[in-house]
Amino acid sequence: MPEAIWIKLIGTLPSLFWVTFATVVYLSLRKTIIQSLVPRVTALRALGVEVEIAGQLLDQATERSDIPVTPADRRGVLNRLEHAAETLRGGSILWVDDHPEFNYPLTKIFRSMEMRVDAVRSTDDALIALRRDSYDIILSDIDRHGDPQAGISMLRELETQAINLPVLVYSANFNPELGVDRRIFAATNNPVEVAHYVIDLLERVRFGSPNVRGW
């Protein structure tokens, strides 16, 4: 065999060695590598559904509320939900509303984040649920069963029974210009803001904010 061919063959040996070495390492560590990527994959699909579907659910919520949401708002809240996956996982919401079907899109999103969302239709049912289970957040409407102050009356019941949980009001009839009861963490008629507030509250719960359990 000509000397030039031998030289070429010898020159390719290091490359072949590294390719072979890399293949062996990958095959032996493949399971570990895949497992290390799982948290990232989970974060990217933390909603339990494709981000696009989560966006569609958010669109449904905004259409029902007639609140204008810019593409930047939409993108921002979806990105924040993805990054808050670990914070939200295992969190719990008691949602008090006499029309829970209106909250389906947001409820679906929160449950997809592996949160527990229990829906009740009245203050009495809410008090029973609170005695039975523990929650991180109470989400409530204001006008319930024809009573335009039902949500506010519930706050007084909670205070009487020393139930110190953050209350987030979400109501299509809410007018921020009328002010917010001091016992309410936040109130809005914007579904995008609801998602942001839920993340805010769970972050405080997780990091032990001293003010999150009271008004």
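Can you pull the one-decimal nm distance between simple spin-label points at residue 67 and residue 161, each 7 Å off the Cα toward Cβ?
Rounded to a tenth, the inter-label distance reads 2.7 nm.
With point charges of +1 on the Cβ of Lys and Arg and -1 on the Cβ of Asp and Glu, referenced to the Cα centre of the stretch 74-154, which listed residue (142, 104, 126) lies farthest in the positive direction of the dipole?
Selected residue: 104.
Just reorder 197, 104 by solvent-accessible area, largest first, 1.4 Å probe, all chains present.
The ranking, largest first, comes out as 104, 197.
Of 75, 183, which has the most accessible area with a 1.4 Å probe, and how do the rest follow in descending order?
The residues order as 75, 183, largest area first.
Each residue of the stretch 182-191 in turn: what ³J(HN,Hα) in whole Hz from Karplus with 6.51, -1.76, 1.60 and θ = phi - 60°, glycine and Pro shown as x?
After applying 6.51 cos²θ - 1.76 cosθ + 1.60, I find 4, 8, 9, 5, 7, 9, 7, 10, 10, x Hz.
List every residue whose amide H lies under 5 Å from the amide H of residue 117, counting only residues 5 or more places away in sequence or on a different chain, with H placed 1.01 Å from N in the peptide plane.
93
Roughly how many percent of the accessible protein surface of the stretch 80-153 is carbon and sulfur, given a 1.4 Å probe and a whole-percent answer?
49 percent
Please list 199, 128 in order of solvent-accessible area, largest first, computed with a 1.4 Å probe with all protein chains present.
These residues rank, largest area first, as 128, 199.
Report the local net charge at residue 170: Lys and Arg +1, Asp and Glu -1, summed over other residues whose C-beta lies under 11 Å from its C-beta.
-3
With all protein chains present, calculate the accessible area of residue 99 using a 1.4 Å probe and round the result to the nearest 10 Å².
The value for residue 99 is about 80 Å².
Mind listing the long-range amide H neighbours of residue 147? Cut-off is under 5 Å, sequence gap 5 or more, other chains count too, H placed in the peptide plane at 1.01 Å from N.
none
The values are calculated or read from the model by the stated rules, or taken from the named source; none is laboratory data. Bear in mind the structure is a predicted one, so any value in this text is a computation, not a measurement. We place every Cβ from the backbone using ideal geometry, glycine too, and count neighbours over all the protein chains shown. All accessible areas refer to the heavy atoms of the entire protein, side chains included, with ligands and DNA or RNA removed. Shrake-Rupley method; radii C 1.70, N 1.55, O 1.52, S 1.80 Å.
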